[in-house]
């Protein structure tokens, strides 16, 4: 079977390179199309048996599983181009949750999956959220598990839960990185440590703490109790965090969810205009 990819942007390239490095797929099983072909030059040099397609239609014609890694705004026109080249055996996978199954199923009557991967694919850890329409078979789910399961944990959710789940998975690495960077910058006192030294200490400690919470069975409360002593400096710092973090995080969630609502509204308008133009 050929695994097709339409788009080689940030996440598309991440998935492709992780699949190849983890042996989730062999290079001769991949067929890739990108609008700017030169972006695929280094990949094709490293993996000469990859098929570089000349069009999205070629990907659709030659692939069983097709990852659509374009922007959501490009999907309506793309589906119009490739829908005639697909049949009941195809499985379309979108890496954006902006378009609802209700719309997608009008364009393609077969198996559809929406997935939200994370940059942590590159570490072999983290979560890939997936939701399937009713046409996705157990065999197709198993095939997707074989492809991505070596580099992340696949968690199946309903379409209604997909967007909110992104705040815990795909966007969260950026938030963690920003928090750790700020922690290191704000923690430097009288130049006792350089920023590079402070950040190195913070990130190594973050890595160890994550292992305690994931591999060693610690709960967040257990970590707090093990570190903080009554009346100590850690306890005083925790009091500040307990007061300041909840309203700050609520503001972050409100911002991301507001942006998603705006994006969905824009997509709905785009879809409506695209549909209207087809009948003019």
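Between rounded, prolate and oblate, where does region 146-280 land on the alpha carbon gyration tensor, with a ≥ b ≥ c its root eigenvalues, rounded for a/c under 1.5, else prolate if a/b exceeds b/c?
prolate
What percent do you get for the relative contact order of region 3-157 when only Cα pairs under 8 Å and 6+ apart count?
22
Going by C-beta contacts inside 10 Å, put 13, 21 in order with the fewest on the left.
Starting with the residue having the fewest Cβ neighbours, the order is 21, 13.
Take every Cα pair under 8 Å in region 38-102 that's 6+ residues apart, average their separations, divide by the length, and report that relative contact order as a whole percent.
36
Hey, what angle do you get for helix 10-21 against the long axis of the chain, alpha-carbon based, 0 to 90 degrees rounded to 10?
90
Let me have the relative contact order for the chain, percent, based on Cα pairs under 8 Å that are six or more residues apart.
Answer for the chain is 14 percent.
Between helix 172-187 and the chain, what is the angle of the helix's C-alpha long axis to the longest principal axis, kept within 0 to 90° and rounded to the nearest 10?
With both axes taken from Cα atoms, the answer is about 30 degrees.
Roughly speaking, what % of Cα-Cα pairs in the chain are separated by over 37 Å, rounded to a whole number?
Result for the distance tail: 26 percent.
With springs connecting C-alpha atoms under 10 Å apart, model the chain as a Gaussian network and identify which of 179, 267, 222 has the largest mean-square fluctuation.
Result for the chain, Cα springs under 10 Å: 222 fluctuates most.
Looking at region 3-157, what % of its DSSP beta bridges pair antiparallel, to the nearest 5?
15
Based on Cα coordinates alone, diagonalise the gyration tensor for region 1-149, multiply each eigenvalue by 5, take square roots, and list the semi-axes in whole Å, largest first.
Sorted largest first and rounded, they come to 21, 18, 14 Å.
Gaussian network model of the chain, Cα springs within a sub-10 Å range: biggest mean-square fluctuation belongs to which of 251, 221, 105?
Between 251, 221, 105, it is 221 that shows the largest mean-square fluctuation.
Hey, what number do you get for the chain at 222 nm if only DSSP H runs of n ≥ 4 count, each worth -39500 (n - 2.57), divided across all residues, to the nearest 500?
-17000 deg cm²/dmol
Which of these, 51, 123, 229, has the largest mean-square fluctuation under a Gaussian network model of the chain (Cα springs below 10 Å)?
229
If you average the C-alpha positions of region 119-162 and of region 240-260 separately, how far apart do those two centres end up, in angstrom?
27
From the Cα gyration tensor of region 1-40, with a ≥ b ≥ c the square roots of its eigenvalues, which class applies: rounded if a/c is under 1.5, or else prolate if a/b is larger than b/c, or else oblate?
Because a/c hits 1.5 or more and a/b fails to exceed b/c, region 1-40 counts as oblate.
For the chain, give me the percentage of DSSP beta bridges that are antiparallel, rounded to the nearest 5 percent.
Roughly 15 percent of the beta bridges in the chain run antiparallel, per DSSP.
What is the gain in length, in nm to one decimal, between residue 80 and residue 235 on full extension, counting 0.36 nm per residue of separation less the C-alpha to C-alpha distance?
Length difference between fully extended and current span is 49.9 nm.
How do 91, 132 line up, fewest other C-beta atoms within 10 Å first?
Fewest to most other Cβ atoms nearby, the residues stand as 132, 91.
Any idea what angle helix 195-214 forms with the longest principal axis of the chain, computed on alpha-carbon atoms, 0 to 90 degrees, nearest 10?
Tilt of helix 195-214: around 70 degrees.
Since every read-out is calculated from the coordinates, none of them should be taken as a lab result. Because the structure is a prediction, the values reported are computed rather than measured. Glycine gets a Cβ as well: all are built from the backbone with ideal geometry, and neighbour counts include every protein chain shown.
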